[in-house]
1. Which pairs in the list 160/277; 173/230; 106/263 are over 21 Å apart, alpha-carbon to alpha-carbon?
2. Got the relative contact order for the chain handy, in percent, Cα pairs under 8 Å and 6 or more residues apart?
3. Name the shape class, rounded, prolate or oblate, that the alpha-carbon gyration tensor gives for segment 76-276, where a ≥ b ≥ c are the square roots of its eigenvalues, rounded holds for a/c under 1.5, and otherwise prolate holds if a/b is larger than b/c and oblate otherwise.
4. Would you calculate the separation in nanometres between label points at residue 263 and residue 23, each defined as 7 Å from the Cα along the Cα-to-beta-carbon direction?
5. Amide H neighbours of residue 271 under 5 Å, counting only residues 5+ apart in sequence or on other chains, H built in-plane at 1.01 Å?
6. Lysines near residue 15 by alpha-carbon distance under 25 Å, same-chain residues fewer than 8 away left out - which ones?
7. Using Cα centres only, tell me the gap between segment 191-259 and segment 126-156 in whole Å.
8. Taking the Cβ of residue 233 as the center, what net charge do the other residues with Cβ under 15 Å away carry, scoring Lys and Arg +1 and Asp and Glu -1?
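Derivation of every value follows stated rules applied to the coordinates shown; laboratory data play no part. These numbers were taken from a predicted model, which means no experiment stands behind them. Because the Cβ atoms are built from the backbone with ideal geometry, glycine has one as well, and the counts that use them run over all protein chains shown.
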Amino acid sequence: MTLCEAYAHGSAYLKEQGIPEAELDAWYLLEHLTGKSRSWYYAHGEEEITPAQVIGYENFLQNRGRRIPLQYLTERQEFMGLSFRVNEDVLIPRQDTETLVEEALKTLEAGMEVLDVCTGSGCILISLLALCPGTEGLGTDISTEALAVARQNARDHRVKAEFRKSDMFSRIKAHSFDCIVSNPPYITTGEIPGLMEEVREHEPRQALDGGEDGLRFYRILAQQAGGYLKQDGHLYLEIGYDQGEAVSALLRQAGFDGVSVTKDLCGNDRVVQGIWKR
């Protein structure tokens, strides 16, 4: 089978399975398997792939047809221009979350310390430390498996990050951080059955389920984050598109100043931030 034949087969198969962007997914899987770039493909499309690669590609296609996310098959996802390892123990980093990192970078400076609550793959914390040299950070998560992924990502990017198992703030030292960031679970329990199959069946539910109203973890963050921030420390929270008003109110009630909401590139409310001055 040639590269052209493999790609044509993969595209057709994924289309039959009803996979959105079937042609794109078929290409990414073929590129991941063979290591051949688009330019190589256009110049050498008649080059044959090995029998082992044919079998591997077929396995990829069948798994993608079963709605296993592309990123879990390639075990990679790009975020903030960096490549992160991912598997089914962590959420797949999404472009929307880059808004959180971009906002935090506006106030982050060398010598500051960052806490990332519900760190998952570590993509938020690691991106901040990589893009603002001289910073240090701690990432916490309740999942041992997620922390293993985060530690490997930190080693890959050679940042000064520690990762610790902790149920929210349970194992964190008070008044230690200049900045706290978090992308907590915020989907309401009732919405989860209606999510696309790739998310509902394969991404970790405990990283998605924000309780009956989606605000369970925001209440904890609003009530407790101030106790772990230094004076004038910043709190940045990713939110669902319809949670800006509710989360802002929680922060104001908890004593945060300068509470504001930032929209993502699609124009949806995406980040709530506040400053701790009390």
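1. Listed pairs above 21 Å: 160/277.
2. Once divided by the residue count of the chain, the mean separation gives 14 percent.
3. rounded
4. It works out to 3.2 nm between the two label points.
5. 239, 262
6. Output for residue 15: 36.
7. Cα centroid of segment 191-259 versus Cα centroid of segment 126-156: 20 Å apart.
8. On the way: positive: 106, 173, 230, 277, 278; negative: 103, 109, 113, 116, 136, 178, 232, 257.
Here the charged neighbours net out to -3.
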